[in-house]
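Inspection log for the structure reproduced underneath, given as structure tokens.
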Amino acid sequence: DGVTSTTDDGFAPAVGDLTGVVFEDINGDGVQDPGEEGIAGVDVTITDVDGNETTVTTGTDGTWTATDIPVGDTVVDV
């Protein structure tokens, strides 16, 4: 009666990391083969399930990582 209590139930929204590589696909097969180098300095825009955008830039080897992206349908634009 008249008491307000709170709990720490451990609930946190589900998030994850996305990673990829941007490379020159010389033979057009969609797979990075030996000799198909990564491309540095490319902006990669991720639109998450909530419509929020995150932009990351590829490193010297063409790899990129976006962290703490909400789980759900996601669009990646290069």
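Summary of values
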read-out: Any hit, the range 11-22, residues being outside any strand (DSSP E or B), of a type outside the set (Phe, Trp, Tyr) and at pLDDT 95 or above; value: yes
read-out: Hey, residue 68 part of a loop (DSSP other than H, G, I, E, B) and of a type in the set (D, E, K, R) or not; value: no
read-out: Out of 39, 46, 26, sole residue that is farther than 13 Å from residue 74 by Cα and out of contact with any Gly (no Cβ under 6 Å at 6 or more places or on another chain); value: 26
read-out: Residue list for the range 51-72, restricted to those being touching a strand residue (DSSP E or B) at 6+ places or on another chain (Cβ under 9 Å) and exposed (fewer than 10 other Cβ atoms within 10 Å of the Cβ); value: 60
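The values are calculated or read from the model by the stated rules, or taken from the named source; none is laboratory data. Keep in mind the model is a prediction, meaning the values are calculated, not measured. With ideal geometry, Cβ positions are generated from the backbone for all residues, glycine too; neighbour counts draw on all protein chains shown.
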